[in-house]
1. Name every residue in the range 27-48 that is over 17 Å from residue 79 (Cα atoms) and in contact with a helix residue (DSSP H, G or I) (Cβ under 9 Å, 6 or more places away or on another chain), in order of residue number.
2. Could you grab me the full set of residues in the range 24-62 that are in a strand (DSSP E or B) and at positive phi?
3. Restrict the check to the range 2-23 and report whether at least one residue is at pLDDT below 85, assigned to a loop (DSSP other than H, G, I, E, B) and at negative phi.
């Protein structure tokens, strides 16, 4: 994941969830501090480890959430920033074969 893609991914997810937050990206674009409308703060960052990339969510007063994939990291971020919003699903169906 490039830093530019990281920023696009986080901004896109927050826009899709339609949550009122303030997102501030670090100058190296490998972390982002997100402050919700009620003042809760969470930091999302990706770290390069010898075995691959780790996604870490740091929420004030809670234990760090560490994920080895962006999908569970986004799920955790959604649970923090938009707790009432249900997870989206994608269905693949076969269309007409004409």
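1. Result: 28, 29, 30, 31, 46.
2. Residue satisfying the conditions is 52 alone.
3. yes
Here's the yes/no breakdown for (1) within 19 Å of residue 19 (Cβ to Cβ); (2) surrounded by fewer than 16 Cβ atoms within 10 Å (Cβ to Cβ); (3) modelled with pLDDT of 90 or more:
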{"position": "43", "(1), (2), (3)": "yes, no, yes"}
{"position": "48", "(1), (2), (3)": "no, yes, no"}
{"position": "52", "(1), (2), (3)": "no, yes, no"}
{"position": "58", "(1), (2), (3)": "yes, no, yes"}
{"position": "62", "(1), (2), (3)": "yes, yes, yes"}
{"position": "65", "(1), (2), (3)": "yes, no, yes"}
{"position": "70", "(1), (2), (3)": "yes, no, no"}
{"position": "75", "(1), (2), (3)": "yes, yes, yes"}
{"position": "88", "(1), (2), (3)": "yes, yes, no"}
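The values are calculated or read from the model by the stated rules, or taken from the named source; none is laboratory data. Treat the numbers as computed from the prediction; the structure is a model and nothing was measured. Note that each Cβ is placed from the backbone with ideal geometry, even for glycine, and that neighbours are counted across all protein chains shown.
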